[in-house]
Amino acid sequence: MKGDDSIYQALGKTEGISKIVNDFIPLIQADPRISSFFTKIKKEEFGALLIAQFCELAGGPCQYKGKDMYDAHQGMQISNAHFNALAEDLQIAMEKNDVPSSVSNRLVAKLAPMQRPIVSK
Ligand code: HEM
């Protein structure tokens, strides 16, 4: 059985997700609540990983091949407030790309289970 790709379709497929991620990265880098975490990131690689991860989570035909969320964030001392700030920036990036809140809320809901492995403070 094929999975439900309705979120993927509603985000504008891989092209739409790429635009969202391209807006999302500068937003987190400019957000004083979390910008300090993102000063040394390799934008291209980080962006490509996020695109694949969001695409897969949205039910699209992609496979995220990066680290699992615990390993990727281990030792970073990320708090719930940091996590919520990042989720808010993602919502803003989706709004900028005319994603209806009914859809953006569904993607953010898919990220919720990652809070536990990511937050360590
Ligand atoms: C649902 C929330 C989040 C998701 C989906 C997410 C996703 C990712 C992914 C896919 C990677 C790359 C893993 C790899 O290198 O294989 C990563 C790395 C990273 N994340 Fe997150 N993350 C989230 C929350 C956060 C938060 C809240 C912070 C800090 C405020 C954060 C900071 C970082 C940093 C600094 C890196 C390393 C980037 C690099 O070295 O290039 N993440 N994250």
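In the set LEU27, LEU49, only one residue is open to solvent by 30 Å² or more (accessible area, probe 1.4 Å), of a type outside the set (Ser, Thr, Tyr) and within 10 Å of the ligand (Cβ to nearest atom); that residue is LEU49.
If I filter the range 1-24 down to residues being open to solvent by 60 Å² or more (accessible area, probe 1.4 Å) and assigned to a helix (DSSP H, G or I), which single residue comes out as nearest to GLU95 (Cα to Cα)? This residue is LYS19. If you go through the range 45-98 and keep only what is part of a loop (DSSP other than H, G, I, E, B), among the aliphatic types (A, V, I, L, M) and within 13 Å of the chain's Cα centre (by Cα), you end up with just ALA58. Residues in the range 58-89 that are near the ligand (Cβ under 8 Å from one of its atoms) and within 21 Å of GLN9 (Cα to Cα) were compared, and the one that is most open to solvent (accessible area, probe 1.4 Å) is TYR64. Looking only at the range 92-121, residues that are over 16 Å from GLY12 (Cβ atoms) and either surrounded by fewer than 17 Cβ atoms within 10 Å (Cβ to Cβ) or among the β-branched types (Val, Ile, Thr) (or both) come to 14 in all.
Report yes if VAL99 is among the β-branched types (Val, Ile, Thr) and out of contact with any helix residue (DSSP H, G or I) (no Cβ under 6 Å at 6 or more places or on another chain), otherwise no. Criteria met by VAL99.
The values are calculated or read from the model by the stated rules, or taken from the named source; none is laboratory data. Not measured: the values here are computed from a predicted model. Neighbour counts are summed over all protein chains in view; Cβ atoms, including those assigned to glycine, are modelled from backbone coordinates with ideal geometry. Each accessible area value is taken on the protein alone, full model and side chains, heavy atoms only, with ligands, DNA and RNA left out. Shrake-Rupley method; radii C 1.70, N 1.55, O 1.52, S 1.80 Å.
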